[in-house]
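See structure below.
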Amino acid sequence: MGTLREIGLFVWSVLTHWQALATSGIITGLLLVAEKVFDWPLSRQAFIVVVVVMFLLAAFFFAWRDEYRTVQAERAYKTTIANDLADRQRHGRKIYVRWWTHCQNREQSTADEAEAEQWRVDVLQQIANGISAAEAEYFNTPRAAEAVPPTNIVNCPQGVLINELGHRVDRLGEIVQRILTRHVSVMRERAP
């Protein structure tokens, strides 16, 4: 059923472009002027060739161009979002390392925790708005099975929160990879 709908959308796009070309184009105007002002009658065969065939070919091109531009815009958007999220992942990793190293310093650890929370909220909002609510939920939900690394993080008063941040940073990397993988697979599907 999806293919028939897509064919219908393509036909509608072609007809819309054809109608615009046939009713408001400069060629149509020139044909009308030539026929009425210069008394140059247009044969039925010439009319069919110009108005139907040529305009239909042009309409096919314009429908294709619209779709091509949409794909290019989507590709640019996905690349931009993936790059931005990769930058955020690097920033999150820095917060994680800094918080972990300051975990015994109560004042610095509190500041690191606040920065980590702001980072989480910002990334969550960007994923929800730019990708999907499902990916945002995946990013944000702590997992019970996420292991604590065999380091001194276990001895930190906020070790569980620091560990959650580290796993969120890793999940953000997975989301970036999924965006890029979908981007590449879509481009392969569209390639001739």
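Volume per residue of the convex hull around the Cα atoms, evaluated for the stretch 1-48, comes out as 69 Å³.
Full extension of the chain segment joining residue 105 with residue 47 gains 12.4 nm, where the gain is 0.36 nm per residue of separation less the Cα-Cα distance.
Ranking 52, 124, 138 by how far each Cα lies toward the positive end of the dipole of the chain (charges on Cβ) leaves 52 at the top.
Enclosing the Cα atoms of the stretch 1-103 in their convex hull gives a volume equal to 128 cubic angstrom per residue. Net length available on complete extension from residue 39 to residue 160 is 34.8 nm, with 0.36 nm assigned per residue and the Cα-Cα distance removed. Mean sequence separation of contacting Cα pairs (under 8 Å, at least six apart), scaled by the length of the chain, corresponds to a relative contact order of 21 percent. Only DSSP H runs of four or more residues enter the estimate; each adds -39500 (n - 2.57), and after division by the residues of the chain the mean residue ellipticity at 222 nm equals -27000 deg cm²/dmol.
Each of 109, 43, 132 has some number of other Cβ atoms within 10 Å of its Cβ, and from fewest to most they run 43, 132, 109. From the alpha carbon centroid of the stretch 72-141 to that of the stretch 1-63 is 52 Å.
Once the C-beta distance of residue 117 and residue 68 is scaled by a Förster radius of 41 Å, the resulting FRET efficiency is 0.45 to the nearest 0.05. Coupling constants for the stretch 170-178 follow from the phi torsions by the Karplus curve (6.51 cos²θ - 1.76 cosθ + 1.60, θ = phi - 60°), and in residue order they are 5, 5, 4, x, 5, 5, 4, 5, 5 Hz; glycine and proline get x.
Stretching residue 140 away from residue 27 to a fully extended chain increases their span by 34.9 nm, per 0.36 nm per residue minus the current alpha-carbon distance.
Taking the chain as the reference, fit the longest principal axis to its C-alpha atoms, fit the long axis of helix 2-24 to the helix C-alpha atoms, and give the angle between the two in degrees, 0 to 90, nearest 10. Between helix and principal axis, roughly 50 degrees. The value given for the chain is a Kirkwood hydrodynamic radius of 21.5 Å, derived from the mean inverse Cα-Cα separation.
Bear in mind these aren't lab numbers, they're just calculated from the coordinates by the rules spelled out. These numbers were taken from a predicted model, which means no experiment stands behind them. Here the Cβ is made from the backbone with ideal geometry for all residues, glycine too, and neighbour counts use every protein chain on show.
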